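Some notes on the structure that comes next.
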């Protein structure tokens, strides 16, 4: 996959880590790797977003490879509710404006403005790979 729009055609699949189906973790992981040429981070394919403690635990392990940053193309954006990670996506450039590419059960993959993404969660953190 060489284009961001290609990801919009991939169906949402809970635990999905391939182009046959992706969840929010899988989509973020592949976009960072294929579009931004960044390392392919750990799959944690067994972890499901509805299992908040496991999802947050996987995030905690992965966060050690990242550092906080501002929204910019290639950054991971994470949404939290009640201290638990509940969703993630990747910041991308859409016509000169930063958007979030994410996927969910209800809508599949889509681009949303960062401000829209932020309204969905009690806390949002943005990360980039640590140097």
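The values are calculated or read from the model by the stated rules, or taken from the named source; none is laboratory data. Note that the coordinates shown come from a computational prediction; the quantities given were computed from them, not determined experimentally. Positions of Cβ are generated from backbone atoms using ideal geometry, with glycine treated the same way; all protein chains shown enter the neighbour counts.
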Handout entry: Qualifying position, being at pLDDT 90 or above, surrounded by fewer than 20 Cβ atoms within 10 Å (Cβ to Cβ), closer than 16 Å to residue 112 by Cβ and in contact with a helix residue (DSSP H, G or I) (Cβ under 9 Å, 6 or more places away or on another chain), among 90, 94
Key = 94
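Considering only residues of region 107-117 that are more than 12 Å from the chain's Cα centre (by Cα) and either surrounded by fewer than 17 Cβ atoms within 10 Å (Cβ to Cβ) or touching a residue at least 40 places away in the same chain (Cβ under 8 Å) (or both), which is nearest to residue 23 (Cα to Cα)?
Let us first name the residues in region 107-117 that are more than 12 Å from the chain's Cα centre (by Cα), namely 107-108, 112-116.
Okay, now just the ones that are also either surrounded by fewer than 17 Cβ atoms within 10 Å (Cβ to Cβ) or touching a residue at least 40 places away in the same chain (Cβ under 8 Å) (or both), so 107-108, 113-116.
Values: 107: 12, 108: 9, 113: 19, 114: 19, 115: 21, 116: 19 Å.
Selected residue: 108.
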Practice task
Give just the number: which of (1) under 16 Å from residue 129 (Cα atoms); (2) loosely packed, with under 12 Cβ neighbours inside 10 Å does residue 53 not satisfy?
Solution key: (1)
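Which of the residues spanning region 57-79 are within 17 Å of residue 47 (Cα to Cα) and at pLDDT 95 or above? Break it down into steps so the answer makes sense when it comes.
First pass over region 57-79, keeping only residues within 17 Å of residue 47 (Cα to Cα): 57-63, 78-79.
Within region 57-79, 78, 79 qualify.
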Practice task
Give the residues of region 31-46 that are within 11 Å of residue 17 (Cβ to Cβ) and buried (at least 19 other Cβ atoms within 10 Å of the Cβ), sorted by residue number.
Solution key: 44
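Among the residues of region 27-37, how many are part of a loop (DSSP other than H, G, I, E, B) and either within 14 Å of the chain's Cα centre (by Cα) or over 21 Å from residue 8 (Cβ atoms) (or both)? First the steps, then the outcome.
Narrowing region 27-37 to residues part of a loop (DSSP other than H, G, I, E, B): 35-37.
Restricting the remaining residues to those that are either within 14 Å of the chain's Cα centre (by Cα) or over 21 Å from residue 8 (Cβ atoms) (or both) gives 35-36.
So the count comes out to 2.
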Handout entry: Restricting region 12-25 to residues that are assigned to a loop (DSSP other than H, G, I, E, B) and without any contact (Cβ under 8 Å) to a residue 60 or more places away in the chain, the residue that is surrounded by the most Cβ atoms within 10 Å (Cβ to Cβ)
Key = 16
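If you go through region 19-33 one residue at a time, do you hit one that is farther than 25 Å from residue 98 by Cβ and touching a helix residue (DSSP H, G or I) at 6+ places or on another chain (Cβ under 9 Å)?
Looking only at region 19-33, we keep the residues that are farther than 25 Å from residue 98 by Cβ, and these are 20-21.
Among the residues that remain, those that are also touching a helix residue (DSSP H, G or I) at 6+ places or on another chain (Cβ under 9 Å) are: none.
Scanning region 19-33, I find no residue that is farther than 25 Å from residue 98 by Cβ and touching a helix residue (DSSP H, G or I) at 6+ places or on another chain (Cβ under 9 Å), so the answer is no.
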Exercise for the section: Output yes when any residue across region 45-62 is farther than 14 Å from residue 78 by Cα, in a loop (DSSP other than H, G, I, E, B) and touching a helix residue (DSSP H, G or I) at 6+ places or on another chain (Cβ under 6 Å), and no when none is. Expected result: yes
Problem - Failed condition for residue 67, given (1) crowded, with 17+ Cβ neighbours inside 10 Å; (2) assigned to a strand (DSSP E or B) - result: (1)
Exercise for the section: Determine whether residue 124 is assigned to a strand (DSSP E or B) and either modelled with pLDDT under 95 or surrounded by fewer than 19 Cβ atoms within 10 Å (Cβ to Cβ) (or both). Expected result: yes
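Which one of these is in contact with a strand residue (DSSP E or B) (Cβ under 9 Å, 6 or more places away or on another chain) and surrounded by 14 or more Cβ atoms within 10 Å (Cβ to Cβ): 9, 28? Break it down into steps so the answer makes sense when it comes.
Details: 9 fails: surrounded by 14 or more Cβ atoms within 10 Å (Cβ to Cβ).
The conditions single out 28.
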